[in-house]
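Peer 1: Sharing a structure with you now.
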Amino acid sequence: MKKIILSILILAAVLVSILFKERYIFGTAEDGLIFYNISNYFHQAEFTWMEYPGLGSPSLSLIAAKPTYFLLSSLQQMGIPGFLLQAITLWFLLSSAGIAVYLLVLELFPKAEGKYVLLAVLFYWFNPISIVDVWNRFLLNYIFFFALLPVISFFFIKGLKTGKFFWAFILNIILIFYSYALSYVAFSILLWIWLFLITLFYVLFDKSLKSMISSFKYFLLTLILFIMVNCWWILPLANLNFLGGTNNTTQVFMKQNNLGTLQALSEKMGHLTDVFKLINASFLAPDSLGWVKYYYSVPLFAMQYVFVGIILYFVIKFRKDPTVLFLGSLFFTSFFLTKGNSPPFGEIYNFIFKNILILQVFRNPFEKFGFLLSLCAALFFAPSVYELSKRLQNKMHAFYYLLLFIVVSSLGLPLYTSLAFTNKFPPTNDYSIGYKVKVPSYYKDADNWLSNKGSNFRYIGFPLKDEGITYKWEKGYSGVELQVALFSTSGIIHKTSVPFFNQIIPEIESLLMSDNDFTSFANSLNVRYFILRNDIDYILRDMTSPGILEKRLTERAQKGEVKKVAIFGQVSIWENLKWRDNTFYAIKQTEDSLPLIGYEKINPTKYIVHLTNVNAPFLLFFSELYNKGWKASSENRDEINNHSRVNIYGNGWQINRKGDFDIVIEFAPQKWMDLGVKVSFGSYVLILGFLLYCLVFRRRSIV
Amino acid sequence: MIYWVLFLGLFFINIKYRKNGIYFLKPGFYLFCTASFISIVNLVSIAELFMRVSFILLIFGFILAVKEYRRST
């Protein structure tokens, strides 16, 4: 066993070393460039409100990533380079996924030979679902979930089989290392659907009523412990989405035509001929790269059918074995869910999807349930090959090595050649670049310069268009805007679908190009600087040419509205000369003079506003994005109730009191997070205490 | 709808003739092999049809196999 585990660790290290041999950070798509500046991402997850991107928004489930960001940003601050941290993270995830698959196969099929089990590990790493949905998509929470799934399954099944509740405690302690996966709500739900299915099918093949009840108790205990140790993100998230319902974005998501999306995606990816091959049909397009076409070629297709055929043969042959029936039930259920609402029996998926609102996150079934199918197939693969090899008797070794060769040379090829880290969009379609990114040093200088100017303002980045961006660097980048990675200051740099904010963004560039007063508009957004970037592939992204924007800024500079204040490589910074700190300001309602306003920022979710010389009622404006979660209260904690949306995007409170006094502005869900942190911390201490007690006193009856 | 009819048909066949799971699993497997071959030679829509029927047979056979196991214990 030790040899195989060591082999997995070495194989994962070799794979990661190949990927990072050039010492570049990898980044693309929705993830941006996390490992370039992890601290900035940590700040987003630190509180329930993040000040950027845009005009701010609730952090939502991103809070679940806080421990991972904290650990990684601490290591980065100690001087460990980003690429090395990314390599170590990927090595940890690959290794832990591999070891968990290995242990899980041995737990389910103890007679399986070690080298055959290694085949299951390689199959889990390299199968087409993993290659496309994990490695090619290259989203960190997807990779974390890819590792989390076998790890959690191993501990959960171990607990079910032994009937010892001890494993539920271990499972929940280990979960913190993978909490990043839970920053995507769909994965939290998927995890519990999976654990429920495991319990259900385990119980189905259980003989005694007593152990059936015990299995359900074990499931419930695991769920309760999960909620307790994860209170730090579950409580604020529940408050935002359900208890208070202050999350505007979630409300928009629920109103979207999710059923239409499900239908379209199921039609595209839910064909049984594709699902049986574990193939994501949408990945192959006429303009796909060469390696994708090879990956979807006839020989590879035939091989995939052979792999699944071997598994089906094994299931049929050993249909009287309870383990095969248990895993087979999970396999066929995963299969059924992965195809979405495609025939046959797609009506069942449709019914559940339509009637359970929270399951609308599964509008792309292949992408989510594919993880389950991939794991089930990998778990079946080793014993299936082993049994088939036994039937072939003296050709046993040859058959094993042939399959090993096929899995490594064909399925694994895109991973260890880095082809999986390329895409059809420039510059990632260049095999020598792919997802490798090298950020020019002038961005660090520009960020430092902006940070030194304070934190009471925003900037606008030009050219400004949709969230997707392409940077023309030595090792360029294609994916979502890199605002969080590149700048520590809050700013407006791309369009989003966030309500209210989305009404303002389309106006910005057109106002700049017009003859209208632009600086007053910028002031209303508390914008002090304009950043002009000349290293963007604006033609590809159909954006305004930086040259045209620079000409317009120069014209406004001649009128005394703006001034070019700094140049860093391809980035120039222009100052709004009429800027004043508009984080808070008073809006006049009578002829009386306005009060003086000062404020202290405690953190992104709490401000204390000092008001002096208040002679008449006025409207207090706060420039973070409007959200019902923002609450104003006086020193004696009396809430000021008349909260409204002002100036399209901001928060306003009608203040009727006179004199000198303070007002506290807070984002209410933060209190839930503070409470959740205490509950989670207490739960961890209790669980660790219990585990220590078990280990010190060697309570075998418990362990 | 046709797949539900097929499933119900299998259900009634099973009630009448009391067949074991293997009677459905084996044809399901052979149909899977046939569908795979048809898919490889690029007759995708026919392959898909075969695959769906194969899936129904496999699911039905598997459910019967589970029932047999539960009855035997």
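The values are calculated or read from the model by the stated rules, or taken from the named source; none is laboratory data. Note that the structure is a prediction, hence the values are computed from the model and not measured. Here the Cβ positions follow ideal geometry from the backbone for every residue, glycine too, while neighbour counts run over all protein chains shown.
Peer 1: Somewhere in the stretch A:392-415, is a residue at positive phi and in a helix (DSSP H, G or I)?
Peer 2: yes
Peer 1: Still on this structure, I have one more. Filter the stretch B:42-57 down to the residues that are more than 7 Å from chain A (Cβ to nearest Cβ) and touching a Leu at 6+ places or on another chain (Cβ under 8 Å), then identify the one that is surrounded by the fewest Cβ atoms within 10 Å (Cβ to Cβ).
Peer 2: B:Val53
Peer 1: Which pairs turn up if I take residues in the stretch A:212-233 that are over 16 Å from A:Leu182 (Cβ atoms) and without any contact (Cβ under 8 Å) to a residue 60 or more places away in the chain and look for partners that are polar (S, T, N, Q) and buried (at least 18 other Cβ atoms within 10 Å of the Cβ) with beta carbon separation below 6 Å, at least 6 apart in sequence or on another chain?
Peer 2: A:Ser215/A:Thr199; A:Phe219/A:Thr199
Peer 1: While we're looking at this one, here's another question. Restricting to the stretch A:545-588, and then to whatever is basic (Lys, Arg) and in a strand (DSSP E or B), can you tell me which residue is farthest from A:Arg458 (Cα to Cα)?
Peer 2: Among residues in the stretch A:545-588 that are basic (Lys, Arg) and in a strand (DSSP E or B), the one farthest from A:Arg458 (Cα to Cα) is A:Lys588.
Peer 1: Going by the conditions given, is A:Tyr178 at pLDDT 90 or above, buried (at least 19 other Cβ atoms within 10 Å of the Cβ) and within 14 Å of another protein chain (Cβ to nearest Cβ)?
Peer 2: Considered against the rule, which asks whether it is at pLDDT 90 or above, buried (at least 19 other Cβ atoms within 10 Å of the Cβ) and within 14 Å of another protein chain (Cβ to nearest Cβ), A:Tyr178 comes out as no.
Peer 1: Of the numbered conditions (1) more than 24 Å from A:Phe331 (Cα to Cα); (2) more than 24 Å from the chain's Cα centre (by Cα), A:Phe421 satisfies every one except a single condition; which is it?
Peer 2: All conditions pass for A:Phe421, except number (2).
Peer 1: While we're on this one: Name the residue that is surrounded by the most Cβ atoms within 10 Å (Cβ to Cβ), counting only residues in the stretch B:7-41 that are of a type in the set (A, V, I, L, M, F, W, C), closer than 25 Å to A:Thr273 by Cβ and more than 8 Å from chain A (Cβ to nearest Cβ).
Peer 2: B:Phe24
Peer 1: Which residue out of A:Ile358, A:Ile348 is within 13 Å of chain B (Cβ to nearest Cβ) and among the aliphatic types (A, V, I, L, M)?
Peer 2: Exactly one of A:Ile358, A:Ile348 is within 13 Å of chain B (Cβ to nearest Cβ) and among the aliphatic types (A, V, I, L, M), namely A:Ile348.
Peer 1: Taking A:Leu411, is it away from chain B (no Cβ under 14 Å) and under 24 Å from A:Trp135 (Cβ atoms)?
Peer 2: For A:Leu411, the condition - away from chain B (no Cβ under 14 Å) and under 24 Å from A:Trp135 (Cβ atoms) - is met.
Peer 1: Same structure again: Residue check: is A:Ala566 in contact (Cβ under 8 Å) with a residue 12 or more places away in the chain and surrounded by 17 or more Cβ atoms within 10 Å (Cβ to Cβ)?
Peer 2: no
Peer 1: Consider A:Ser74 carefully, then state whether it is surrounded by fewer than 24 Cβ atoms within 10 Å (Cβ to Cβ) and either out of contact with any His (no Cβ under 7 Å at 6 or more places or on another chain) or under 28 Å from A:Ser451 (Cβ atoms) (or both).
Peer 2: Criteria met by A:Ser74.
Peer 1: With the structure loaded, tell me whether A:Leu359 is surrounded by 21 or more Cβ atoms within 10 Å (Cβ to Cβ), among the aliphatic types (A, V, I, L, M) and part of a helix (DSSP H, G or I) or whether it fails that test.
Peer 2: No.
Peer 1: Inside the stretch A:202-244, can you point out the residues that are of a type in the set (Val, Ile, Thr), away from chain B (no Cβ under 14 Å) and farther than 25 Å from A:Pro67 by Cβ?
Peer 2: A:Ile213
Peer 1: Across the stretch B:58-73, which residue is nearest to the other protein chains (Cβ to nearest Cβ) among those that are of a type in the set (Ser, Thr, Tyr) and surrounded by fewer than 18 Cβ atoms within 10 Å (Cβ to Cβ)?
Peer 2: Among those that are of a type in the set (Ser, Thr, Tyr) and surrounded by fewer than 18 Cβ atoms within 10 Å (Cβ to Cβ), it is B:Thr73.
Peer 1: Do you know which of the residues in the stretch A:39-89 that are of a type in the set (Ser, Thr, Tyr) and part of a helix (DSSP H, G or I) is nearest to A:Asn241 (Cα to Cα)?
Peer 2: Of everything passing the filter in the stretch A:39-89, A:Ser61 is nearest to A:Asn241 (Cα to Cα).
Peer 1: Mind checking whether some residue in the stretch A:439-449 is free of Cβ contacts under 8 Å to residues at least 40 places away in the same chain, of a type in the set (Gly, Ala, Ser) and over 30 Å from A:Val292 (Cα atoms)?
Peer 2: The answer is no; no qualifying residue exists.
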